[in-house]
Amino acid sequence: MSDTTQEKLQLGILSKDVIKHIDHWCTKFPEEKKQSAIIPALRYAQDAAGGWLSEDLIKAVADYLDVPHIKAFEVATFYSMFDLEPVGKYKIAVCDNISCKLNGADKIVDHIKRRLGVNCGETTEDGRYILRTCECMAACTNAPMMQINDREYHENLTLEKVDEILDDIDKQEDGK
Amino acid sequence: MIQKVKMWAKSFTLFELFKGLGITWRNMWRKKITVQYPEEETPVSFRFRGVLALRRYPNGEERCIACKLCEAVCPALAITIESEPRADGTRRTTRYDIDAFKCINCGFCEEACPVDSIVTVPESHYHMEERGENIMTKEKLLAIGDMFEEKIAKAKKLDSEYR
Amino acid sequence: MIEFEIDGVKVKAEPGETIIQAADRAGVYIPRFCYHKKLSIAANCRMCLVEIEKAPKPTPACAFPASQDMKVFTRSPVALKAQRAVMEFLLINHPLDCPVCDQGGECELQDLSMGYGEGVSQYTERKKCVDDEDIGPLISTYMTRCIKCTRCVRFGDEIAGMPEIGAVNRGEDTEISTYVGKSVKSEVSGNIIDICPVGALTSKPYKFTARAWELKQHASIAPHDCLGSNIYIHTASNQYQKGREVKRVVPLDNEKINETWLSDRDRFSYEGLNSENRVTRPMIKQGGKWIETDWQSAMDMAYQGFAKIVEMKNPDAIGGLISPSATTEEHYLFQQLLRAIGTNNIDHRIRQIDFSDSMDSPTFPGLSINIEELEKQDTIVLIGSNIRHEQPLAGVRVRKAWKNGGKVLAINPVKRNYNFDTAKEMTVGISNMVPFLSEVVKALADKYKNKRFIEWLKDIKPSQDAIDFAEEIDKGVETAILLGADSLSHPQAGAIKSLVIAILAILQKGNYGELTTGANSAGAWLAGAVPHRLPTGENDSAGLNAQQMFSQPLDGYLLHGVEPEFDVANPQQALTALRYAPHVVVLSPFVSETMKDYANVILPIGAFSEISGSYVNVEGTTQRFRSANAPMGEARPGWKVLRVMGNFFEFEGFDYKDLEEVQMSFKEESDDDRKFERPMLYMKQDFVAHKPKGLIRIVDWPMYRVDATTRYAKSLQKTISDEERSARIHSKTVKQLKLNIPSGHMVEVIQNDESIQVKLVIDDNVPEKHVYLPAGLEETAGFGEVAGIVEVKIP
């Protein structure tokens, strides 16, 4: 159903690497159920586009998978791991659910707030970090915990440990 | 025999006459209930259902939203409403007519109104001279509402205690 | 069969059926919002919670399959408590603005909160607000009222194939939205108004004009396509109005035809009824000026004109054209009048240009299966059919067949935008329709070694495409071949039909269907509104057909519900003939400037809601209907005008007292219950490609320009895109023509020395060497013929 001009457009927006990943994910689902690949496809597209999804990018993914645009928008707006506006490069998510809270999650959030000079949900001025609180990630045994960029878990946090982690990132970034 | 003597004694002493004059005398000193209409008027209940009116909000916006509940509830079929979206997209009437001859002043419209727009004013001084004046148009009803707003507000406040 | 109990009543159900389905059948009402019998099960509103014996929690009846000896309680304390709680929950964010809401009075949420809700809510927090979206001129949105039942989303996905609306965001923030602010473009979009249980989606043309309780409901039949969808016409009146005004049209359930749906054309065309172009008094032209007059003098003038032609020349100098959407009774009286005058120049096939197969045609062109059975076909072949626009609800059935795993094949002059995938789609242009079909027939004949057809098509060599196509058709078990408007108004329509019949003859299986234009083409054939056939079904010496009446100009014309500048296959020729004709009588509900130009007498007749009569749909079902309101002004029902016209001529047999007598007379002469018979095989055609030199103009009638009523319906007109009003040309052809301008610029299109200026749209869906410029538009009013030769220039 998608026409040729649209296909050209997608190739511009979606990099070859992303398309390779999407194609790989498509093989895991039946041919007619390409819709199932929207989540992994959007994830790769987001990573490649600097951590957030623009409207055009979501449309391009939908066109590539040959599903209606709205289906991709539904998914992109539903999951909190997709950002629809430009955000910091490192997404810090501190769990503030019961176990973490009892073990001092609030202190950790406050510490990060002071260190970065932002409130929850805000991006630092240099665009490096965004601080968020999140719901339970099933790491209660090692509470408190935080997650960076939707994949790295950091557990048994103390204020020192948080500083260490952020220092590492700063060093890595400044070194570039 | 005794009866006859009693009768004779009564009529001889003008007893009945003085009894009657006694009532006159008593009433002479009572408070008068006659009022000199139109210079004077009897008091009217705040629940009196007199002339109909359409009210406005304090900012001048008409209250009526053309829900047509009054039209539906009117037992005399006196109300005719036509409606359409106004330029700002709100639901408004383009015609709101009450035939005062059909209206039986039952006040159902007032009860049905969700926005207290159509009200019966405790005011009975109105009349018509020409044929056709019995149709109370939207303009007329709003004008009546503007004229009596203070009175209506007061009456509704008093009435609210009983609701 | 499973047997179980609902509220102590024994109920039977098929295995796999849900509780709510069984309960509905048994007449036990279970409250619901998201469940709809025609849509998939979502179970997200939780309103249908019921108690099931031994189940730990209340269970949604819409999603729980019935099982043997189960005991269901819909009114037990547990169920009632659950329903009340859900109701309170749904009302947390629902505004209590019923007095301004158009759904008020017919709202499922309102009704159920009366029946199942509590008087007081425990929630005192502020309600949530959601921004509205503009989704087009037909549907108005008020998204704060939405309760997220997702019926509209599912309708879009499953029935209409318009995946434009979805549920975005999450949890409490969920919104039904198009997300990017698109307008919803579908030929059946209006149905989301009906299925919305609250007032979130309401009708824009009807917005705020009436309340549900003041409307009177009249069952009727939709007058725009050959399916004859069942409708309810809702009318209202007040003391200031003479007669009742049509306020809206909603579907009437009929599983055999329209299920619970209605196309937008049938739903919103009523706006045309109240158009300012309605003619309310008879009008005559005197000394070049139009004056309004009474019926007597207008009828007299109409009669005198025809009588003079009969006297001075002969009756054959008179011709009559009637709209295919007129009622059977009108068709019957129309032909009776003209045949009594002494002419056979009668036709309703206003968009046809090839009449070569007339004599061999069956009782009426139609469908050899029921409309219902369309969705059970495993192979559907569309030949020259833009089914979504021509018969939107037949399109819904085809889509259903495709969803059920069926396969759709198509041969079209231009590539059509279907809402189903086609297994094979050929875009062949006007000129290659017949050659390609003959190749398909030859390929099939070769395969089955059918000597008769091999001999018939001995010069034809099938291409690989044709062989593949034939193979696909052959694979089907239940096959339906459907001819659409592009085939029926094709210059070689007869050849196309004979080739399709040949395919069916070779395969010895499959179903045939002509999806005719207009609402009552079948009725017109049965009533004898064709030049060569009487109501009895016998062939007569043929009079002039719809084309010949204008190519061989006549002296007198009688037009019934036709606007030739828009409606006929060759508007230019028609207008010329009409302008030169000394006497033109028009029976029409509408008047236009063009009509005043060519007509001598205009007689106002009732539009569709204002007349009684019957329609015969494409499968041959006769459906009678009664008028919903009185004709506007002094207009009269068409059949009465024709009857009185007969009286002016003093003809016998025109003394009908009422419509029933017309129907009786028609029944005596013809049998309107005659079923469709598949056309006979005729093999006289020669298959020369229709290949004129130059650019060929592909013509169709846009969905909302098919008849006068829809053309005057304002909201429908707003949905016609600029693209549909443009000349669409293939990019290569644009280069060949040296049109060095981008899409959107004006071009001059010249046909038969007449030129118009329209926008150019470069569109590769149109085959090369063709210009796709629809008829029926204001831009192309009175312009040249279907499949004519055009020139395109930069002005």
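The values are calculated or read from the model by the stated rules, or taken from the named source; none is laboratory data. Everything numeric here is computed off the predicted structure, so don't read it as measured data. Here the Cβ positions follow ideal geometry from the backbone for every residue, glycine too, while neighbour counts run over all protein chains shown.
Okay, residues lined up against (1) of a type in the set (D, E, K, R); (2) surrounded by fewer than 19 Cβ atoms within 10 Å (Cβ to Cβ); (3) part of a loop (DSSP other than H, G, I, E, B):
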{"position": "B:Ile81", "(1), (2), (3)": "no, no, no"}
{"position": "B:Asn105", "(1), (2), (3)": "no, yes, yes"}
{"position": "B:His127", "(1), (2), (3)": "no, yes, yes"}
{"position": "B:Glu150", "(1), (2), (3)": "yes, yes, no"}
{"position": "B:Leu158", "(1), (2), (3)": "no, yes, no"}
Strands (runs of 3 or more DSSP E) completely within the range C:164-277 that count 3 or more residues being away from chain A (no Cβ under 14 Å) and among the aliphatic types (A, V, I, L, M): C:230-236, C:245-251
For the range A:54-107, which positions are more than 14 Å from chain C (Cβ to nearest Cβ) and of a type in the set (Lys, Arg)? A:Lys89, A:Lys91, A:Lys101, A:Lys107
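Go through the range B:112-144 and report how many residues are over 24 Å from B:Pro38 (Cβ atoms) and either more than 14 Å from chain C (Cβ to nearest Cβ) or of a type in the set (A, V, I, L, M) (or both).
9
Name the residues in the range C:285-328 that are among the β-branched types (Val, Ile, Thr), assigned to a helix (DSSP H, G or I) and in contact (Cβ under 8 Å) with a residue 60 or more places away in the chain, would you? Talk me through it step by step, then tell me what you get.
Initial filter on the range C:285-328 (among the β-branched types (Val, Ile, Thr)): C:291, C:293, C:309-310, C:318, C:322, C:327-328.
Now drop any that are not assigned to a helix (DSSP H, G or I), which leaves C:309-310, C:328.
The answer is C:Ile309, C:Thr328.
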Considering residues that are touching a strand residue (DSSP E or B) at 6+ places or on another chain (Cβ under 6 Å), closer than 16 Å to C:Ile698 by Cα and part of a loop (DSSP other than H, G, I, E, B), the number found within the range C:389-422 is 3
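Within the range A:56-88, track down each residue that is closer than 16 Å to A:Glu122 by Cα and in contact (Cβ under 8 Å) with a residue 60 or more places away in the chain. Before the answer, list the steps.
The first filter runs over the range A:56-88 and keeps only residues closer than 16 Å to A:Glu122 by Cα, leaving A:80-88.
Selection gives A:Met81 alone.
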Being surrounded by fewer than 18 Cβ atoms within 10 Å (Cβ to Cβ) and outside any loop (DSSP other than H, G, I, E, B) is the filter here; which residues of the range C:725-755 pass it? C:Ser731, C:Lys732, C:Lys735, C:Gln736, C:Met746, C:Glu748, C:Ile750, C:Glu754, C:Ser755
Answer yes if at least one residue in the range B:41-52 is assigned to a loop (DSSP other than H, G, I, E, B), modelled with pLDDT of 95 or more and more than 12 Å from every other protein chain (Cβ to nearest Cβ), and no otherwise. no
Which count do you get for residues in the range C:129-147 that are over 35 Å from the mean Cα position of the chain (by Cα) and either assigned to a helix (DSSP H, G or I) or at pLDDT below 90 (or both)? 0
Inside the range C:567-597, can you point out the residues that are more than 27 Å from C:Ala519 (Cβ to Cβ) and of a type in the set (A, V, I, L, M, F, W, C)? C:Ala581
Looking only at helices (runs of 4 or more DSSP H) that fall completely inside the range C:435-517, which ones have 3 or more residues that are closer than 22 Å to C:Leu367 by Cβ? C:464-475, C:485-488, C:493-507
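Could you please let me know if C:Glu425 is farther than 16 Å from C:Met703 by Cβ and within 14 Å of chain A (Cβ to nearest Cβ)?
Numbers: farther than 16 Å from C:Met703 by Cβ: yes; within 14 Å of chain A (Cβ to nearest Cβ): yes.
Considered against the rule, which asks whether it is farther than 16 Å from C:Met703 by Cβ and within 14 Å of chain A (Cβ to nearest Cβ), C:Glu425 comes out as yes.
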Condition test on C:Lys81, is it among the basic types (Lys, Arg) and not in a helix (DSSP H, G or I)? no
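Please state which one of B:Tyr57, B:Tyr37 is free of Cβ contacts under 8 Å to residues at least 12 places away in the same chain, over 30 Å from C:Glu214 (Cβ atoms) and either surrounded by fewer than 10 Cβ atoms within 10 Å (Cβ to Cβ) or away from chain C (no Cβ under 14 Å) (or both).
Working: B:Tyr57 fails: over 30 Å from C:Glu214 (Cβ atoms).
Sole residue among the options that is free of Cβ contacts under 8 Å to residues at least 12 places away in the same chain, over 30 Å from C:Glu214 (Cβ atoms) and either surrounded by fewer than 10 Cβ atoms within 10 Å (Cβ to Cβ) or away from chain C (no Cβ under 14 Å) (or both): B:Tyr37.
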Could you list, in sequence order, the residues of the range C:148-163 that are closer than 14 Å to C:Cys34 by Cβ, in contact (Cβ under 8 Å) with a residue 40 or more places away in the chain and not in a loop (DSSP other than H, G, I, E, B)? C:Arg151, C:Cys152, C:Arg154, C:Phe155, C:Glu158
A:Asp163 vs (1) at pLDDT 90 or above; (2) of a type in the set (Asp, Glu); (3) exposed (fewer than 13 other Cβ atoms within 10 Å of the Cβ): all pass except (3)
Taking C:Val72, is it farther than 30 Å from C:Arg248 by Cβ and outside any strand (DSSP E or B)? no
State whether one or more residues within the range C:140-147 are buried (at least 17 other Cβ atoms within 10 Å of the Cβ) and in contact with a helix residue (DSSP H, G or I) (Cβ under 7 Å, 6 or more places away or on another chain). yes
Which condition number in (1) among the hydrophobic types (A, V, I, L, M, F, W, C); (2) modelled with pLDDT of 95 or more; (3) part of a helix (DSSP H, G or I) is the one that C:Met359 fails? (2)
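I'd like to know if the range A:126-143 contains one or more residues that are in a helix (DSSP H, G or I) and closer than 15 Å to A:Ile108 by Cα. Can you show your working first?
Just the residues of the range A:126-143 that are in a helix (DSSP H, G or I), to begin with: A:140-142.
Pick out the ones that are also closer than 15 Å to A:Ile108 by Cα and you get A:142.
Yes: one or more hits.
Regarding C:Lys415, is this residue farther than 23 Å from C:Glu514 by Cβ and either touching a residue at least 60 places away in the same chain (Cβ under 8 Å) or surrounded by 24 or more Cβ atoms within 10 Å (Cβ to Cβ) (or both)? Full working, then the answer.
On the way: farther than 23 Å from C:Glu514 by Cβ: no; either touching a residue at least 60 places away in the same chain (Cβ under 8 Å) or surrounded by 24 or more Cβ atoms within 10 Å (Cβ to Cβ) (or both): yes.
For C:Lys415, the condition - farther than 23 Å from C:Glu514 by Cβ and either touching a residue at least 60 places away in the same chain (Cβ under 8 Å) or surrounded by 24 or more Cβ atoms within 10 Å (Cβ to Cβ) (or both) - is not met.
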